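Step one of this worksheet: look at the structure below.
The values are calculated or read from the model by the stated rules, or taken from the named source; none is laboratory data. Note that the coordinates shown come from a computational prediction; the quantities given were computed from them, not determined experimentally. As a convention, Cβ positions derive from the backbone with ideal geometry for all residues, glycine included, and neighbour counts pool all protein chains shown.
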Amino acid sequence: MKKHDEIADGLTHDILVGQYRTGERLPSERDLAARFDANRGAVREAMKKLEQLGIADIQPGGARVLPLTEASLDVVGHLLAVGELPDAKLVDQILEVISSLISLAAESTLSKANGEEIERIRDLVKPLYLESLNEEAHMAARVSLMSAIMEASGNLVCHIIARSLLQQFAPNMTQLKGFAHVDVEAYRSYARQLDKALGARDKDAVRTIFEAFSKLNRESVMRAFAAFQANGNGSADPEVSTS
């Protein structure tokens, strides 16, 4: 890790855990250079990264911490990395947003996609109710379906946000692997309904089905947190609040 990345990561962690609160001044370049055994050039590069994350306001007289509500989307990965296990409430919020984006993209797809594109998406739905997939294959099938819907929707902003959230989300969830188990039978039933709704271009039905998918996914992850805790692996708590 380059020195400026080390400094930026250290300060980001300090801010996110509340060591420096909103409005407080961060240490001077001189003090940070001494703390991290770095030159001031590295400190300035690190501060630029904090500014890009939207968690610090850099002025000639120093830097102050900004509220997280002003942070960029990239701060999500840093929030997930705080502690031994991601905050359960934050994870649930991310899943809720991703599900909403996919649902929005699906509705847009029904309006814009031609018949061939709809049939391609339906072909990706079929394995979820016609085949007996293990959990890894089931996840891969869901990701392929989501990607196809996003692409067909033509909503670039929706696609970028969902992709960014997933890229930050997945690497921080490895500790829950083996504890998260999706209700495959429930998924099979909803997937069959989704296939029919796509064929009929029924937006209301598609919206309802994706809400059901979202509930399944979020319940699965919350059960994983509980199972992880029950197994004595740290202090995962589905009721933990995100600051």
Review point. When you go through A105, A186, A170 one by one, which is the residue that is closer than 30 Å to S72 by Cα, in contact (Cβ under 8 Å) with a residue 24 or more places away in the chain and either hydrophobic (A, V, I, L, M, F, W, C) or surrounded by fewer than 17 Cβ atoms within 10 Å (Cβ to Cβ) (or both)?
Key: A105
Practice item. Give me the pairs, please: first residue somewhere in the range 213-232 and in the same structural domain as M146 (by TED's automatic domain parsing) and at positive phi, second residue anywhere and part of a helix (DSSP H, G or I) and at pLDDT 95 or above, beta-carbon distance under 8 Å, and either six or more positions apart or on two chains. Key: none
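State whether one or more residues within the range 11-26 are farther than 26 Å from P86 by Cα and not assigned by TED's automatic domain parsing to the domain that holds A81.
Of the residues in the range 11-26, the ones farther than 26 Å from P86 by Cα are 25.
Still in the list and also not assigned by TED's automatic domain parsing to the domain that holds A81: 25.
Yes, the conditions are met somewhere in the range 11-26.
One line per residue, one yes/no per condition, for (1) closer than 23 Å to S164 by Cβ; (2) free of Cβ contacts under 8 Å to residues at least 40 places away in the same chain:
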| site | (1), (2) |
| --- | --- |
| Y20 | no, no |
| A33 | no, yes |
| G41 | no, yes |
| V76 | yes, no |
| L80 | yes, no |
**Study point:** Test set (1) over 21 Å from L80 (Cα atoms); (2) under 23 Å from the mean Cα position of the chain (by Cα) - R201 fails condition number
**Key:** (2)
Check your understanding: Got at least one residue in the range 57-64 being in a helix (DSSP H, G or I) and surrounded by 14 or more Cβ atoms within 10 Å (Cβ to Cβ)?
Key -> no
Revision key, fill the gap. Every listed condition ((1) assigned to a helix (DSSP H, G or I); (2) closer than 30 Å to L85 by Cβ; (3) in contact with a helix residue (DSSP H, G or I) (Cβ under 9 Å, 6 or more places away or on another chain)) holds for Y129 save (2)
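Answer yes or no: is there a residue in the range 18-34 that is part of a helix (DSSP H, G or I), among the hydroxyl-bearing types (S, T, Y), under 26 Å from F169 (Cα atoms) and within 29 Å of the chain's Cα centre (by Cα). Spell out how you get there, then give the answer.
Start the filter on the range 18-34 by keeping residues that are part of a helix (DSSP H, G or I), which leaves 29-34.
Narrowing further to those that are among the hydroxyl-bearing types (S, T, Y): none.
No: zero hits.
With respect to R142, is the statement that it is in contact (Cβ under 8 Å) with a residue 60 or more places away in the chain, in a helix (DSSP H, G or I), surrounded by 14 or more Cβ atoms within 10 Å (Cβ to Cβ) and among the basic types (K, R) true? If you could, list the steps in order and put the result at the bottom.
Details: in contact (Cβ under 8 Å) with a residue 60 or more places away in the chain: no; in a helix (DSSP H, G or I): yes; surrounded by 14 or more Cβ atoms within 10 Å (Cβ to Cβ): yes; among the basic types (K, R): yes.
So R142 does not fit the description; no.
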